[in-house]
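Read through the structure below, which is laid out as structure tokens, and then see the notes.
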Amino acid sequence: MRDVYGKTPLCRGGGHAGWWGLLLKRGADPDVGDQEGKKPLHIVAQLSRAELAESLIRYGAGPKAGDDNR
């Protein structure tokens, strides 16, 4: 599911750990990026949120997944 700007709920998470945890527990795919090619793991890395990055990896995000814009 994407919003009108092509963002997935995880890409819109804004760094709020509770929101991300709820989405991941409910089955959100941690490897689906937005229409710009940014994936949730890239977004939390830019926010310097190591705990969210670890959570995404635990739920299956590929740590070596490339940015779709490259």
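Structure summary
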{"quantity": "Residues satisfying the stated conditions in segment 39-49, i.e. open to solvent by less than 60 Å² (accessible area, probe 1.4 Å) and part of a helix (DSSP H, G or I)", "calculated": "40, 41, 42, 43, 44"}
{"quantity": "Boolean, residue 15 is at positive phi, within 10 Å of the chain's Cα centre (by Cα), open to solvent by less than 50 Å² (accessible area, probe 1.4 Å) and modelled with pLDDT under 90", "calculated": "yes"}
{"quantity": "Extreme residue, modelled with the lowest pLDDT, among residues of segment 57-70 that are loosely packed, with under 12 Cβ neighbours inside 10 Å and either within 19 Å of residue 26 (Cβ to Cβ) or in contact with a helix residue (DSSP H, G or I) (Cβ under 7 Å, 6 or more places away or on another chain) (or both)", "calculated": "63"}
{"quantity": "Pair list, Cβ < 9 Å and 6+ apart or interchain, from segment 26-55 residues that are more than 11 Å from residue 11 (Cα to Cα) and modelled with pLDDT under 90 to residues that are of a type in the set (D, E, K, R) and part of a loop (DSSP other than H, G, I, E, B)", "calculated": "46/38"}
{"quantity": "Selected residue (only one of 54, 36 is open to solvent by 60 Å² or more (accessible area, probe 1.4 Å), acidic (Asp, Glu) and assigned to a loop (DSSP other than H, G, I, E, B))", "calculated": "36"}
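The values are calculated or read from the model by the stated rules, or taken from the named source; none is laboratory data. Bear in mind the structure is a predicted one, so any value in this text is a computation, not a measurement. As a convention, Cβ positions derive from the backbone with ideal geometry for all residues, glycine included, and neighbour counts pool all protein chains shown. The accessibility values were calculated without ligands, DNA or RNA, using every heavy atom of the protein model including side chains. Shrake-Rupley method; radii C 1.70, N 1.55, O 1.52, S 1.80 Å.
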